[in-house]
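Inspection log for the structure reproduced underneath, given as structure tokens.
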Amino acid sequence: MGARKHLIAKAAGNHWVRRIAPRRADARDARRARRACDEVLTARFYGYAYDLDSNRYIYTEVHEQRLDGDRWLGGGIRYHAPDGTLLGTKTLDFAADPFVPVYRLELRARGGYAEGVSAVGADTVEMFRQDYGARRAATARRGKRAFDTADTGFHSLLRSQFDALMAGRTARFRFLVAGNLDAFKFRVWRVGDATFEGRPAVHFRAEPDTLLRLLADTLEVVYDPAQRRLLEYRGITDIHDPATGKPYNARIAYYTTLPADAPRPLPPLNR
């Protein structure tokens, strides 16, 4: 059997890995295997998180995404403190729905915390949350609607509405929030143009589409308008402050070059 070959390219700050099937005795099997896996790419990249108020560097995200063209299949995220300590992990699987992943977030501090979506059906979504010190998880089931999203599925939903948003229209959706075991109406619209690393970008804002917006902070995201790639996020995050157990509000930037204030060495891209 021939050796497995890897074609590795670096594009837009991400590390892309294309896996090509090994040679087999049966040429037809080899062709089928190549067709099956040739479209699946693995992207690995960093996110750099800063406290939204103080701009203090608070953690590093290490992303791994499996992609089939524009479809995000799944992957995971590791979260590391500036000293390299692993703060938590997240696994993601978009097999059931492109906007609502089955996912599990686990944090290590204060005895441990977990939340996520445990199942996505045709008509229902099951969520869970296990608080610090809790022996078992609380659960909730919500009816599933069109334009529901959860967690990082918001990125895929926004991309699906990109042309309408760029044309000035407002997109409305429902955010399933496992941390609250509930669902909330949201809206997102284009705020205006921006720049990121000296290049043109576009700024979108999302907020509750109810009076809850008077109490809740907005989510601000900046995208590359050509590639529809997320460049920066501002808002509530997955990671909790170990001192308080409350989620950080942060600015997370996906720079193409290592920022001067990022920790060195960074956690490895490959586990």
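Rounded to the nearest 500 deg cm²/dmol, what is the calculated helix-only ellipticity per residue at 222 nm for the chain, with -39500 (n - 2.57) per DSSP H run of length n ≥ 4?
-2500 deg cm²/dmol
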Item to complete: List the relative contact order of the chain as a percent without decimals, with contacts defined as Cα pairs under 8 Å and 6+ residues apart.
Response: 13 percent
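Using the crude model of +1 on Lys and Arg Cβ and -1 on Asp and Glu Cβ, and no other charge, please compute the dipole size for the chain relative to its Cα centre, in debye to 20.
Numbers: 45 positive and 33 negative charges, 216 e Å.
Computed about the Cα centre, the dipole is about 1040 debye.
Quick one: compute the contact order of the stretch 67-122, relative version, from alpha carbon pairs under 8 angstrom and 6+ residues apart, as a percent. Provide the component values of the computation, followed by the final result.
Numbers: 95 pairs, mean separation 13.9, N = 56.
Rounded, it is 25 percent for the stretch 67-122.
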Discussion item. List the residues, sorted by chain then number, that are 5 or more residues from ASP148 or on another chain and whose placed amide H is less than 5 Å from its amide H.
Written reply: ARG174
Worksheet item: How long are the semi-axes of the ellipsoid equivalent to the stretch 213-260, from square roots of 5 times the Cα gyration tensor eigenvalues, in whole Å, largest first?
Response: 24, 17, 7
Discussion item. If I histogram all Cα-Cα distances within the chain using bins 5 Å wide from 0, what percent of pairs lands in each bin?
Written reply: 1, 5, 11, 15, 18, 18, 14, 9, 5, 3, 1, 0, 0
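If exposed GluC sites (Glu not before Pro) are those in a DSSP loop with at most 16 other Cβ within 10 Å, what is the longest stretch of the chain that has none?
Numbers: sites that count: GLU39, GLU197.
Excluding the exposed sites themselves, the longest stretch runs over 40-196.
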Item to complete: Amide H neighbours of LEU231 under 5 Å, at least 5 residues apart or on other chains, H built in the peptide plane: list them.
Response: VAL222, TYR223, ASP224
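Coordinate-derived values only; no laboratory data. Only a predicted model underlies this, so the values are computations on that prediction, with no experimental measurement involved. Note that each Cβ is placed from the backbone with ideal geometry, even for glycine, and that neighbours are counted across all protein chains shown.
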